[in-house]
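What follows is a set of notes on a single structure, which appears directly below.
The values are calculated or read from the model by the stated rules, or taken from the named source; none is laboratory data. These figures come from a predicted structure and were not determined experimentally. FYI the Cβ positions are ideal-geometry reconstructions off the backbone, even for glycines, and counts take in every protein chain you see. We work out accessible area using only protein heavy atoms, side chains counted, and drop any ligands, DNA or RNA first. Shrake-Rupley method; radii C 1.70, N 1.55, O 1.52, S 1.80 Å.
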Amino acid sequence: MEKIVLASSSPRRKELLLKYKIQPQIVSSNISEQINSNENPEVVAMSLAYEKAYNVSKDFKNGELIIGADTLVCLDENILGKPKDDQEAFSMLKTLNNREHFVITGLAVIKTNTNLKIIEYEKTAVTFRYLTDDKIKRYIKTGEYKDKAGAYAIQGLGGALVEKIEGCYSNVVGLPITKLDMILEKYFNVSLL
């Protein structure tokens, strides 16, 4: 199998790949994630994923597979990024309270030494249950929201905030495994299994 490089320092993305016995080389991309909240969320997610993968791919030349991903939370076509503090986290969670939103992950796979670049996205609907202000504040006190789009982590304590999801669970965690496997099989003749 080709060497896989994950253009992300996300421990969640690494853990998802490790489940499939893939030991990716981790190389954090140094792009500035500028998001214009009025842009199409799918396009933003794919653009950021590609920028991450492309930025990292420049340091590799031997046919490695570079995987870039970027996950956004979107409510009514507005992109919710990573909250900068407790107050912004509270505001985001309050906005998501008792409502459906979408988690969109842009996915880019580049094979170095070729012109092969595949860019796609996965979209999952997530519905929060009704949350009291007190419950939201207790969740924020855990600190889990930090560095998380939409201010929650479904794979952690934030799972208690979610009533249901429709679509790919691993997408909400940060890496749509089924979509990634399909891309790898179709375009790169590689499989996670």
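General observations
- Taking residues in the stretch 76-94 that are more than 17 Å from VAL43 (Cβ to Cβ), and partners anywhere that are open to solvent by 50 Å² or more (accessible area, probe 1.4 Å) and in a loop (DSSP other than H, G, I, E, B), the pairs with Cβ atoms closer than 6 Å and at least 6 places apart or on different chains are LYS82/ASP147.
- Selection within the stretch 121-161 - surrounded by 18 or more Cβ atoms within 10 Å (Cβ to Cβ), among the hydrophobic types (A, V, I, L, M, F, W, C) and under 19 Å from the mean Cα position of the chain (by Cα): VAL126, PHE128, ALA149, ALA151, ALA153, ILE154, LEU161
- Of the residues making up the stretch 105-120, those that are among the polar types (S, T, N, Q) and open to solvent by less than 20 Å² (accessible area, probe 1.4 Å) number 2.
- The single residue among ILE22, ILE66, ILE35 that is assigned to a strand (DSSP E or B) and either in contact with a strand residue (DSSP E or B) (Cβ under 9 Å, 6 or more places away or on another chain) or within 27 Å of GLY156 (Cα to Cα) (or both) turns out to be ILE66.
- Any hit, the stretch 148-169, residues being under 26 Å from GLN87 (Cα atoms), among the β-branched types (Val, Ile, Thr) and part of a helix (DSSP H, G or I): no
- Residue within the stretch 43-53 that is touching a helix residue (DSSP H, G or I) at 6+ places or on another chain (Cβ under 9 Å) and touching a residue at least 24 places away in the same chain (Cβ under 8 Å) present: no
- Test: residue in the stretch 92-99 that is in a strand (DSSP E or B) and open to solvent by less than 60 Å² (accessible area, probe 1.4 Å): no
- The listed residues are GLU42, GLU2, and the only one of them that is open to solvent by less than 80 Å² (accessible area, probe 1.4 Å), among the charged types (D, E, K, R), touching a Lys or Arg at 6+ places or on another chain (Cβ under 8 Å) and part of a loop (DSSP other than H, G, I, E, B) turns out to be GLU2.
- PHE102 satisfies every condition listed in (1) in contact (Cβ under 8 Å) with a residue 40 or more places away in the chain; (2) open to solvent by 60 Å² or more (accessible area, probe 1.4 Å); (3) more than 30 Å from LYS3 (Cα to Cα); (4) assigned to a loop (DSSP other than H, G, I, E, B) except (4).
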